[in-house]
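Enquirer: I have a structure here, written as structure tokens, and I will follow up with some questions on it.
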Amino acid sequence: MSEFTLPVNSKVVEGKHWALPGPAERVKSFRIYRWDPAKNAKPRMDTFDIDRDHCGAMVLDALNKINDEIDPTLAFRRSCREGVCGSCAMNIDGINTLACLTSMDNLKKGTSRITPLPHMPVLKDLVPDLTGLYAQYELIEPWLQTDQPPPDRERLQSPEERAQLDGSWECILCFCCSTSCPSYWWNPDRYLGPAILLQSYRWLADSRDQRTGERLDRLDDPFRLYRCHTIMNCTKTCPKGLNPARAISNTKRLMAERG
């Protein structure tokens, strides 16, 4: 009989429990994924107890407290604390979201679970390797392209033309959507995924850009665009309330209209 085993580093074991040194009235516990490539050890789930009366309101505050006061080896990304940079994207209680926008009041009762964005290579702890995603971002050439010489001031748009960009320019490239998409899990090397396709549509919808044909040519591939199966996980999980699925649908419409 055939026997199948998982790779060693995919077997997550129970880690250390970092308990509070004394009693506290409001305690919140987090089970956090830990893995250090420099150590020859399996990934583990460490548990940290936080005294909420001595911590900020957001999950990012709890992670900063852990890093500052309990275990300085915990690795995660963060920067703006305002939901603008997208750095602190991670999976919290099964949902891809931003730690800086997630209030601990809105978490499930009991112990919450924090892991890196799913189906991505992990560099360390909660830090995923985004190299492939940024390479795909480069592929769509995300800058204004036109044959017209630069004007003395800005390139003008009507209010109606500017409104066409709403719902796309707000994307902060946190990649919560792409890493929640099963189609991207299955084909990360060929399907561009909802984040990149949303960014692509931002330039397709821009009245100032004159490279619509070339942009569509780059997407005219069985995988890059059409691997989307309208599962809608991307729209459900977006922490900015955007709708990548609609942008993908609009791109498919543009592709059909040009024949």
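Enquirer: If the requirement is being assigned to a loop (DSSP other than H, G, I, E, B), hydroxyl-bearing (Ser, Thr, Tyr) and either without any contact (Cβ under 8 Å) to a residue 40 or more places away in the chain or more than 11 Å from Lys28 (Cβ to Cβ) (or both), which of these qualifies: Thr73, Thr97? Give the steps one after another, and end with the answer.
Expert: Working: Thr97 fails: assigned to a loop (DSSP other than H, G, I, E, B).
Going through Thr73, Thr97 in turn, just one is assigned to a loop (DSSP other than H, G, I, E, B), hydroxyl-bearing (Ser, Thr, Tyr) and either without any contact (Cβ under 8 Å) to a residue 40 or more places away in the chain or more than 11 Å from Lys28 (Cβ to Cβ) (or both): Thr73.
Yes or no, residue by residue, for (1) in contact with a strand residue (DSSP E or B) (Cβ under 9 Å, 6 or more places away or on another chain); (2) of a type in the set (Ser, Thr, Tyr); (3) free of Cβ contacts under 8 Å to residues at least 60 places away in the same chain:
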residue: Thr115; (1), (2), (3): yes, yes, no
residue: Pro121; (1), (2), (3): yes, no, yes
residue: Pro128; (1), (2), (3): yes, no, yes
residue: Tyr134; (1), (2), (3): no, yes, yes
residue: Glu138; (1), (2), (3): no, no, yes
residue: Leu144; (1), (2), (3): no, no, no
residue: Asp147; (1), (2), (3): no, no, no
residue: Asp152; (1), (2), (3): no, no, yes
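Enquirer: Then there is this: Would you mind stating whether Ser180 is of a type in the set (S, T, N, Q) and under 14 Å from the mean Cα position of the chain (by Cα)? Write out each step before concluding.
Expert: Working: of a type in the set (S, T, N, Q): yes; under 14 Å from the mean Cα position of the chain (by Cα): yes.
It is true that Ser180 is of a type in the set (S, T, N, Q) and under 14 Å from the mean Cα position of the chain (by Cα).
Enquirer: Open to solvent by less than 30 Å² (accessible area, probe 1.4 Å), aliphatic (A, V, I, L, M) and part of a loop (DSSP other than H, G, I, E, B), is that true of Leu198? Don't jump to the end; show me each part of the working.
Expert: On the way: open to solvent by less than 30 Å² (accessible area, probe 1.4 Å): yes; aliphatic (A, V, I, L, M): yes; part of a loop (DSSP other than H, G, I, E, B): no.
When the stated conditions are applied, Leu198 does not pass them.
Enquirer: Are any of the residues in segment 228-244 touching a helix residue (DSSP H, G or I) at 6+ places or on another chain (Cβ under 6 Å), among the charged types (D, E, K, R) and open to solvent by 10 Å² or more (accessible area, probe 1.4 Å)?
Expert: no
Enquirer: Among the residues in segment 144-162, are any at pLDDT 95 or above, open to solvent by less than 40 Å² (accessible area, probe 1.4 Å), out of contact with any Leu (no Cβ under 8 Å at 6 or more places or on another chain) and not polar (S, T, N, Q)?
Expert: The answer is no; no qualifying residue exists.
Enquirer: Based on what the data block shows, is Thr131 among the hydroxyl-bearing types (Ser, Thr, Tyr) and loosely packed, with under 13 Cβ neighbours inside 10 Å?
Expert: Numbers: among the hydroxyl-bearing types (Ser, Thr, Tyr): yes; loosely packed, with under 13 Cβ neighbours inside 10 Å: yes.
Judged against the criteria, Thr131 is a match.
Enquirer: Where residues in segment 11-54 are open to solvent by less than 80 Å² (accessible area, probe 1.4 Å) and without any contact (Cβ under 8 Å) to a residue 12 or more places away in the chain, which of them is nearest to Leu101 (Cα to Cα)?
Expert: The extreme case among them is Gly22.
Enquirer: Tell me which of these Glu82 doesn't satisfy, since it passes every other one: (1) without any contact (Cβ under 8 Å) to a residue 12 or more places away in the chain; (2) acidic (Asp, Glu); (3) open to solvent by 60 Å² or more (accessible area, probe 1.4 Å).
Expert: For Glu82, the exception is condition (1).
Enquirer: Consider only pairs whose beta carbons are under 7 Å apart and that are at least six residues apart or on different chains; among these, list those whose first residue lies in segment 207-219 and is under 16 Å from Leu165 (Cβ atoms) and modelled with pLDDT of 95 or more and whose second residue is open to solvent by less than 70 Å² (accessible area, probe 1.4 Å) and among the aromatic types (Phe, Trp, Tyr).
Expert: Listed pairs, sorted by first residue: Asp209/Trp203; Arg215/Trp203.
The values are calculated or read from the model by the stated rules, or taken from the named source; none is laboratory data. Bear in mind that the values here come from a model prediction, so they are computed numbers and not experimental data. Don't worry about glycine lacking a Cβ; one is built from the backbone with ideal geometry, like all the others, and counts go over all protein chains shown. Protein only, heavy atoms only, side chains kept; ligands, DNA and RNA dropped before computing areas. Shrake-Rupley method; radii C 1.70, N 1.55, O 1.52, S 1.80 Å.
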